[in-house]
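The values are calculated or read from the model by the stated rules, or taken from the named source; none is laboratory data. Everything numeric here is computed off the predicted structure, so don't read it as measured data. Here Cβ is always computed from backbone atoms with ideal geometry, including for glycine, and neighbour counts include all displayed protein chains.
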Amino acid sequence: MGVIDRKSRLPLYYQLADIIREKIETGQWKEHTRLPPERELCQIYGVSRATVRQAMQDLELNGYIYREHGRGTFVKPSKIRQDLLGFYSFTEEMKRLGKTPSSRVVDFTVEECTEKVAGKMKMNAGERVYRFTRLRLADEEPMMLETTYIPFEKFPGITGDKLEQIPLYDVLANEHGVVLTMAEERFVPVLTRENEAELLEYLPHTPSMMIERLTYSGDLIVEYTRGIARGDRFEYRVVLE
């Protein structure tokens, strides 16, 4: 349970925060678990309500808990660490972390590509592309919002219904024989727009990461994606050797 050491030079609020932090980090308190109310924490650890509140402020500031008005204080889901060491897909990364990935197609069209998109994909302006927007979820929690462009003429038969059932890269590999050889990504911190925040169930104008991806099969660009990843759910790490 953890014990407050009143002889320690460490402040009481810090010790209490450390006890709760250990419960979270060791998995004793799972994601979205409701913490005991302030009065109960006061009784358990023999501290004042002011000490409990200061400990809660420290834990909230450091991303361990979140509050819901009228409901209480809960364990905040830990950030998903994405190691940028090689080619990866959202679906496979979520599975690796023990989460169940899914996609919800919120928009799907076939259209003529703009000059901007054509320039990125090394196509001619006016050539047709699939453009679709997918909400990417893990354990039913919205994580990313991605808008993707795929050359239409080279990959016939892609549908929105299919993309909700089968990962895009599996469609490209199994139905079109595509072997993905490389991906190039660009990361830019942004503030989440209101329409993005609504779909992501996230606060508008809060930090997110914009990720642009170009995916290649040899010299052919098979995918251009612009994604918004929730800033409270992802962290990215690059290993330099």
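Values as computed for the structure displayed
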| item | result |
| --- | --- |
| Residue in the range 197-204 that is over 15 Å from the mean Cα position of the chain (by Cα), in the same structural domain as Y88 (by TED's automatic domain parsing) and touching a residue at least 12 places away in the same chain (Cβ under 8 Å) present | yes |
| Subset of the range 218-230 [touching a residue at least 40 places away in the same chain (Cβ under 8 Å) and not aliphatic (A, V, I, L, M)] | E223, Y224, T225, R226, G227, R230 |
| Answer residue from the range 23-44, given it is within 24 Å of the chain's Cα centre (by Cα), of a type in the set (D, E, K, R) and assigned to a helix (DSSP H, G or I) and is modelled with the lowest pLDDT among those | E25 |
| Test for F108: is it outside any helix (DSSP H, G or I), buried (at least 19 other Cβ atoms within 10 Å of the Cβ) and free of Cβ contacts under 8 Å to residues at least 60 places away in the same chain | no |
| Options K162, K95, K116; residue that is of a type outside the set (D, E) and either loosely packed, with under 12 Cβ neighbours inside 10 Å or at positive phi (or both) | K116 |
| Sole exception among (1) crowded, with 16+ Cβ neighbours inside 10 Å; (2) not in a strand (DSSP E or B) for F87, by number | (1) |
| Flag for E194 being under 20 Å from the mean Cα position of the chain (by Cα), without any contact (Cβ under 8 Å) to a residue 12 or more places away in the chain and either outside the structural domain of E212 (by TED's automatic domain parsing) or surrounded by fewer than 16 Cβ atoms within 10 Å (Cβ to Cβ) (or both) | yes |
| Some residue of the range 50-72 being farther than 27 Å from G231 by Cβ, touching a strand residue (DSSP E or B) at 6+ places or on another chain (Cβ under 9 Å) and not in a strand (DSSP E or B) | no |
